[in-house]
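Written below as structure tokens is the structure these notes are about.
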Amino acid sequence: MLTNSSTQDILKGEAQFTAGDYRAALETFEHVLENEPDNVDALNDAGLAAAEVGETIKAVECFEKALQLEAGNQAAFFNLIDLLVHHDASDLALEVFAEHFQSMQYSDELREYANVLMAANDTEIPSPAGIEKTPAGDFGASAFTEK
């Protein structure tokens with residue numbers, strides 16, 4: 001449950017992040033998480049700030065926890081994939097994508113990520129039962145709705 005205090009702290013942390021004060025932003029988001037460890041917004045923001053200060057493992061942990069708590073959280077999903085790709089771990093990014101893509105709301109961005117990750121890894125994302133790919137072999141809107 002978001003409190004007024006945590007909302008204010010998240011806004012403060014986001015302002016610090018926008019101003020480029022990533023360490024202070026991370027500390028602010030961590031303060032929120034001390035009181036509300038399941039705050040998905042604070043987890044996602046802490047992940048972004050941790051990545052900016054070079055704390056990659058912490059960033060991954062924050063994004064993964066946000067996805068565990070809220071399976072369809074597109075911000076955490078895309079942030080985690082971007083972080084892994086940035087660190088030349090496109091194989092891990094593909095695994096994350098394959099694990100979570102069905103929880104995501106279909107978008108052109110999601111389709112583009114799928115196709116880029118498959119190309120980067122010279123592989124396909126396994127098509128779960130009841131899911132069809134387009135004739136071109138990529139994921140269209142039908143990939144996100146069961147037949």
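The values are calculated or read from the model by the stated rules, or taken from the named source; none is laboratory data. Small disclaimer: the values here were computed from a predicted structure and weren't measured. Please note: Cβ atoms are built from the backbone with ideal geometry, for glycine as well, and neighbour counts cover all protein chains shown.
Summary of computed values
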read-out: Hey, residue 61 closer than 23 Å to residue 102 by Cβ, part of a helix (DSSP H, G or I) and among the charged types (D, E, K, R) or not; value: yes
read-out: Options 82, 88, 108; residue that is without any contact (Cβ under 8 Å) to a residue 24 or more places away in the chain and within 24 Å of residue 42 (Cβ to Cβ); value: 82
read-out: Pair list, Cβ < 6 Å and 6+ apart or interchain, from region 1-27 residues that are among the charged types (D, E, K, R) to residues that are at pLDDT 95 or above; value: 9/28; 9/32; 12/28; 23/53
read-out: For residue 83: the one exception among (1) in the same structural domain as residue 118 (by TED's automatic domain parsing); (2) touching a Phe, Trp or Tyr at 6+ places or on another chain (Cβ under 9 Å); (3) part of a helix (DSSP H, G or I); value: (1)
read-out: Matching residues, region 32-56, being surrounded by fewer than 17 Cβ atoms within 10 Å (Cβ to Cβ) and either in contact (Cβ under 8 Å) with a residue 12 or more places away in the chain or closer than 22 Å to residue 68 by Cα (or both); value: 34, 35, 37, 38, 52, 53, 56
read-out: Given (1) in contact with an Asp or Glu (Cβ under 8 Å, 6 or more places away or on another chain); (2) at pLDDT 95 or above, index of the condition residue 19 fails; value: (1)
read-out: Any hit, region 66-77, residues being modelled with pLDDT under 95, in contact with a Ser or Thr (Cβ under 8 Å, 6 or more places away or on another chain) and of a type in the set (Gly, Ala, Ser); value: yes
read-out: Residue list for region 1-40, filter: charged (D, E, K, R), in contact with a Leu (Cβ under 8 Å, 6 or more places away or on another chain) and under 17 Å from residue 76 (Cα atoms); value: 38
read-out: Selected residue [modelled with pLDDT of 80 or more and farther than 26 Å from residue 17 by Cβ] from 83, 117; value: 117
read-out: Region 1-37 - residue that is part of a loop (DSSP other than H, G, I, E, B) and either among the small types (Gly, Ala, Ser) or touching a helix residue (DSSP H, G or I) at 6+ places or on another chain (Cβ under 7 Å) (or both) and, of those, nearest to residue 56 (Cα to Cα); value: 20
